[in-house]
Amino acid sequence: MTFDPGSPCSSDTRGRRWKEYSQAQLKKLPVLPNPRPRALTPDPFLGSGANRAPIPRYQESCFWFKVPPNIRRDIIRLAFGDTRLHLFIDWDYLDVPRQPSQKLHCGIARGPLDDENMAKRRIKRLKDETQPEKWQWWGSRCHRIHPSDDGTLGPMTRGGSLGPWADYCRSGGSPDICEAWRRQDGPSACHIGVMGWLLSCRQNYFETIDILYSTNTLILEDTCVLNSLPKILLPQRLELVTSLEITWPLRSCKTPSSREFWEDLDVRNLDIMLDFVSPSKFPALGRLYVYLPLEDYHDLFPHDHSDHMDIIMNRLDSCVRRMTRLTECSFALPTDLFEEILDDAKETHREVMVGYDVTVRLDSYKQIWRDVDGNMATTKLPCLDSYPNRPYHLSQDVEGTAGYWILEASEEAVYFSHLEELRAKGAVFQCGPEPNPVGTY
């Protein structure tokens, strides 16, 4: 289960019990000792003898340590770097033992498809409920995307690459995709495979840990991980992180006893996530992708209460404004929220058809550029996709203004304008100027 004191309940009494239970379990979270007994990776540049570990004799005779350090680093990076890694901690039952015959992600065993899972488009993994619940780490390489995807599909948005909303790695993923990865990288392709190497000796740990955090994209998809990460990972590890992919649900302030048909946005909950990615915690962060789904019991209706979206966008503007090192920044929203913003960002053009006067909205890729001053623009067809940079057609006088992309979180196909269908039937349009050579308006 996703461990969260704010989970919905059917009554005030049940809500209090849930909160008390969750707080009791959070106290059992395996956090870092304070003070730490000793550092595994003392600073090698400090002159104090207390900070310098003696060189073991095996390092003088082992062939691996006779390889030049820069080449060792390249080899370690090839083995454990430049990929996407799930990082997950949860209070739950253990998974049932791995099934060697299973072709699912990490050999996870999962149950049959029932009506509830069908509605949520996922199948639950099987758990061993004969054992007590406990805190457990889970990590793997992300196999959401097929190895043949070379990045030409574009950003993670509707009509582009698959995003976090289509990630089922923790529940076994797609057997076809994982099988393709195994054919390419071997039978252990789903696993990170770094733990044995880190535990092999202190020097290997020292040389590998920086590469692990600085060259990979960390995928954080649980509120408990975000709330507790500074307590379970050293600050110097967070300072190395360059790429994050986060899933953080938007919630309402609805209480179990509320009788209101709709409720206000839980702004404090959103601020927790935005404060988490602050430059003080992640000074090296260069890429940030955040998926903001609506919680199952959200009770937010954006089309009736547009002030919810104004609050969200103003918060995102402030967050990006202070994160000056970002070279890629994206926030993916569910279709209902995205469409409301798209209506404001999209231009409406009037075209003249012989004998008729029609208004046609230009279709765009499912992505919107927004600068921190609130100005928005869409990427129009035909075009060269500029992602993750600002759209090519924006004037140069705003080049220095920071901004970010708003993307649509949906697995549905993109449907373009009906204009081509009308033209095929003989309609003639008097349109505006043709696209320039780079294909933008």
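Among the residues of region 143-167, those that are at pLDDT 90 or above, assigned to a loop (DSSP other than H, G, I, E, B), over 20 Å from residue 328 (Cα atoms) and of a type outside the set (D, E, K, R) comprise 143, 146, 147.
On inspection, residue 228 passes the criterion of being among the hydroxyl-bearing types (Ser, Thr, Tyr), surrounded by fewer than 20 Cβ atoms within 10 Å (Cβ to Cβ) and closer than 16 Å to residue 88 by Cβ. Across region 1-38, the number of residues qualifying as assigned to a loop (DSSP other than H, G, I, E, B), modelled with pLDDT of 75 or more and either among the aliphatic types (A, V, I, L, M) or exposed (fewer than 10 other Cβ atoms within 10 Å of the Cβ) (or both) comes to 10. Scanning region 248-278 for residues that are acidic (Asp, Glu), at pLDDT 80 or above and surrounded by 13 or more Cβ atoms within 10 Å (Cβ to Cβ) yields 266, 271. Residues that are surrounded by fewer than 16 Cβ atoms within 10 Å (Cβ to Cβ) and in a helix (DSSP H, G or I) within region 183-201 comprise 183, 184, 185, 195, 196, 199, 200, listed in sequence order.
The values are calculated or read from the model by the stated rules, or taken from the named source; none is laboratory data. Please read all numbers here as calculations on a predicted model, not as lab measurements. Glycine also receives a Cβ, built like all others from the backbone with ideal geometry; neighbour counts cover every protein chain displayed.
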